[in-house]
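All remarks here apply to the structure that follows.
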Amino acid sequence: MLEILEAKDLTPYAAYETPGVTLHAVESMTAGGCSGFAVFSYGTDTVTVYACDAKGDLALYDGIARTVLFKAMLRGIDRANYLCDTTQLKKLHLCDPHSNTCSSIAELMNGCAGCKEKKD
């Protein structure tokens with residue numbers, strides 16, 4: 001069973017450390033170990049994503065990225081800034097088309113609710 005969990009050990013992500021910034025990471029865990037991750041930090045009104053990788057699995061990438069955005073929403077944060085490659089994020093419409101940001105996480109998540117209603 002796949003789980004996306006907050007990483008307890010940030011040692012594998014030391015390359016993303018920045019002075020004055022508290023890093024967080026989520027990892028997708030299966031019986032075989034870690035199959036993907038995202039490294040991020042919370043600011044006052046923005047979550048900054050430094051890396052997101054799912055080893056080529058677009059659906060898993062979507063789940064990892066949305067987990068980060070949801071965790072930010074729980075903290076009252078509504079913007080995301082991506083310092084990582086945004087190719088997959090743009091395919092998934094998790095990033096504004098002409099920038100490396102998500103200007104409204106709430107709108108993005110509420111947009112998904114609209115898609116579900118159309119399917120019902």
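Summary of values
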quantity	calculated
Enumeration of residues in the range 11-54 that are in contact with a strand residue (DSSP E or B) (Cβ under 7 Å, 6 or more places away or on another chain), farther than 23 Å from Asp78 by Cα and in a strand (DSSP E or B)	Ser28, Met29, Cys34, Ser35, Gly36
Selection from the range 10-30 of residues that are surrounded by 13 or more Cβ atoms within 10 Å (Cβ to Cβ) and under 16 Å from Thr67 (Cβ atoms)	Tyr13, Leu23, His24, Ala25, Val26, Glu27, Ser28, Met29
One residue from Ala72, Ala25, Ala54, Ala15 being under 20 Å from Gly111 (Cβ atoms), of a type outside the set (Lys, Arg) and at pLDDT 95 or above	Ala72
Single unsatisfied condition, Leu74 versus (1) of a type outside the set (D, E, K, R); (2) surrounded by fewer than 16 Cβ atoms within 10 Å (Cβ to Cβ); (3) in contact with a Cys (Cβ under 9 Å, 6 or more places away or on another chain)	(3)
Members of the range 85-98 found to be surrounded by 12 or more Cβ atoms within 10 Å (Cβ to Cβ) and either aromatic (Phe, Trp, Tyr) or out of contact with any helix residue (DSSP H, G or I) (no Cβ under 8 Å at 6 or more places or on another chain) (or both), listed by number	Asp85, Thr86, Lys90, Asp96
Residues of the range 74-94 satisfying the condition of being in contact (Cβ under 8 Å) with a residue 12 or more places away in the chain and either in a helix (DSSP H, G or I) or aliphatic (A, V, I, L, M) (or both)	Ile77, Ala80, Leu83, Gln88, Leu89, Lys91, Leu92, Leu94
Of all residues making up the range 12-26, the number that are touching a Lys or Arg at 6+ places or on another chain (Cβ under 9 Å) and of a type in the set (Val, Ile, Thr)	1
Conditions (1) surrounded by 14 or more Cβ atoms within 10 Å (Cβ to Cβ); (2) free of Cβ contacts under 8 Å to residues at least 60 places away in the same chain; (3) under 21 Å from Tyr13 (Cα atoms); number of the one not met by Gly33	(1)
Unique match (being among the small types (Gly, Ala, Ser), under 26 Å from Pro97 (Cα atoms) and surrounded by 11 or more Cβ atoms within 10 Å (Cβ to Cβ)) among Ala59, Ala7, Ala54	Ala54
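The values are calculated or read from the model by the stated rules, or taken from the named source; none is laboratory data. As the structure is a computational prediction, the values presented were derived from the model and not from experiment. Virtual Cβ from ideal backbone geometry, glycine too; neighbours counted across all protein chains shown.
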